[in-house]
Amino acid sequence: MNHHDIQLDKYGRLKHFLTIDGLDRSLLLDILNHAESFAGVGERAVKKVPLLRGKTIANLFFEPSTRTRTTFELAAKRLSADIINLNIASSATRKGESLLDTLRTLEAMHCDMFVVRHANSGAAHFIASQVAPHVSVINAGDGSHSHPTQAMLDMFTIRMHKKDFSSLRVAIVGDILHSRVARSEIHALSTLGVSEVRVIGPRTLIPKDIHTLGVHVFYDLIAGLEDVDVIVTLRLQRERMRSALLPSEQEYFNLYGLTETKLAAAKPDVIVMHPGPINRGVEIDSHVADGKRSVILQQVSHGIAVRMAIMAMTLGNLAESKPKESDAHSN
Ligand code: CP
């Protein structure tokens, strides 16, 4: 069974959200359109809607996280669900309890959803294959495989600034090899029909077979940034590097760090994105990270509305919507 078999129900609706790969354009647009309607909830005096009242959600983060864990928590609270954050470091996992036994224990507490981050690629998919039929699983990042909610909040951010995906040239810069974000973004951008996706980085950090995903590869930053509309900068994933793939961070910054000077190669209205956490002076200069082209903090804010949409859709509390009139031609 592959990931898309398991994440859709027999009517083609989202049951789990594990990977972008295999999801069709109308479903991705549905997520973006629902997120748009949730975006206003955060602006209200009472930041809540009753959509998931009575549902219980467990955040299971086996790897560190700031943005993803907290925005899932806020998203659940804004949907009026009850959410628990299992502190893995002080949980029975430390006493040798297996992942499956932890899951069965939480199921016995009548959880309806698990939000899972794990260092092993495929962990969320494995959990989805094991849970009770009423439970939904959302992948909050698995190894270097997939980070689908990050990709969708990035698509939301791009659509907000650029409107029309079909004319866009997008560059993803940095450690593509270890990046679950890069893989998910490439699938989302291709499905939404952008005109070109480029990956830019040193040879040691670009998978040899990446062209099979339909991207263009650049080893030179300036050449790769020429005329792009969107730049996605990635962190060096030191924790996933098994050997020394880079001479030094300083040399990496000299060649691939995004500075104001290098940014000039892109279109004047380029937006600069980064999933975070950012390492200033390694993959991005502070002037760019905090500059007027940066939408990095907007990405974080959009994470709440997009995760609200995905949680409500997987728990079956949102009807499939018709694509907006404008989606048919522009997106
Ligand atoms: N972008 C992202 O996944 O950040 P966190 O690791 O802080 O969740």
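Where a number appears in this text, it was derived from the coordinates with a stated rule and is not lab data. What you see is a predicted model; the values in this text were computed from it and never measured. Virtual Cβ from ideal backbone geometry, glycine too; neighbours counted across all protein chains shown.
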Report summary line: Expected sort for LEU29, LEU213 with the fewest Cβ neighbours (10 Å cutoff) up front is LEU213, LEU29
Report task. Under 1.5 on a/c is rounded, so check that first for region 139-181, then, if it is not, pick prolate when a/b is larger than b/c and oblate when it is not; a ≥ b ≥ c are the square roots of the alpha carbon gyration tensor eigenvalues. Result -> oblate
Requested in this report: For the chain, just run the numbers: alpha carbon Rg, then divide by 2.2 N^0.38 Å, N being how many residues it has.
Outcome: 0.97
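If I take R0 = 25 Å and measure r between the Cβ atoms of MET160 and THR70 in this structure, what FRET efficiency does the formula 1/(1 + (r/R0)^6) give, to the nearest 0.05? It would help to have the intermediate numbers written out before the result.
Working: r = 21 Å, r/R0 = 0.85.
My answer for the efficiency is 0.75.
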Query raised in the report: Fewest to most neighbouring Cβ within 10 Å: what's the order for PHE218, PHE114?
Result: PHE218, PHE114
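Could you work out the Kirkwood radius for region 115-229, taking every pair of different alpha carbons, averaging 1/r and inverting it, reported in Å?
Numbers: mean 1/r = 0.0661 Å⁻¹.
Value: 15.1 Å, from the Cα pair sum.
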Query raised in the report: Using alpha carbons only, how many degrees (0 to 90, rounded to 10) separate the axis of helix 180-191 from the longest principal axis of the chain?
Result: 90
Report task. Name the residue farthest towards the positive end of the dipole of region 148-297 from the options GLY174, PRO202, PHE156, assuming +1 on Cβ of Lys and Arg, -1 on Cβ of Asp and Glu, about the Cα centre. Result -> PHE156
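May I ask you to derive the FRET efficiency for GLN298 and GLU97 from their Cβ-Cβ distance with R0 = 56 Å, giving the value to the nearest 0.05? List each step's numbers first, then the result.
Numbers: r = 39 Å, r/R0 = 0.70.
Rounded to the nearest 0.05, the efficiency is 0.90.
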Report task. Would you mind checking the tilt of helix 148-162 against the longest principal axis of the Cα atoms of the chain, expressed as 0 to 90 degrees and rounded to 10? Result -> 50
Query raised in the report: Hey, got the dipole for region 148-297? About the Cα centre, +1 on K and R Cβ, -1 on D and E Cβ, debye to the nearest 20?
Result: 340
Report summary line: Residue-ordered couplings for region 312-317, obtained by feeding phi - 60° into the Karplus form 6.51 cos²θ - 1.76 cosθ + 1.60 and rounding to whole Hz (Gly and Pro as x), are 5, 5, 5, 8, x, 9
Report task. Consider just the alpha-carbon atoms of region 87-167 and return their Rg together with their Dmax, both in angstrom. Result -> 16.2, 53
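Listed here are the pairs LYS15/LYS48; LYS162/LYS267; LYS47/LYS77; LYS267/LYS292; LYS163/LYS267; which of them are more than 19 Å apart at the Cα?
LYS15/LYS48
What number in nm² do you get for region 167-322 if you take the convex hull of its Cα atoms and divide its surface by four?
Values: hull surface 41.5 nm².
Answer in nm², one decimal: 10.4.
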Report summary line: Cross-link reach from LYS55 to aspartates and glutamates, straight Cα distance under 16 Å and at least 8 residues apart if same chain, gives GLU73, ASP82, GLU107, ASP112
Query raised in the report: Once the principal axes of the Cα atoms of region 14-150 are found, what is the range along each, listed largest first in whole angstroms?
Result: 44, 34, 29
Query raised in the report: Where the centre of each part is set by its Cα atoms, how far does region 99-152 sit from region 258-285, in angstrom?
Result: 33
Report task. About the Cα centre of the chain, how large is the charge dipole given +1 on each Lys and Arg Cβ and -1 on each Asp and Glu Cβ? Please answer in debye to the nearest 20. Result -> 720
Query raised in the report: Once every DSSP H run of n ≥ 4 in the chain is given -39500 (n - 2.57) and the sum is divided by its residues, what mean residue ellipticity at 222 nm do you get, rounded to the nearest 500 deg cm²/dmol?
Result: -10500 deg cm²/dmol
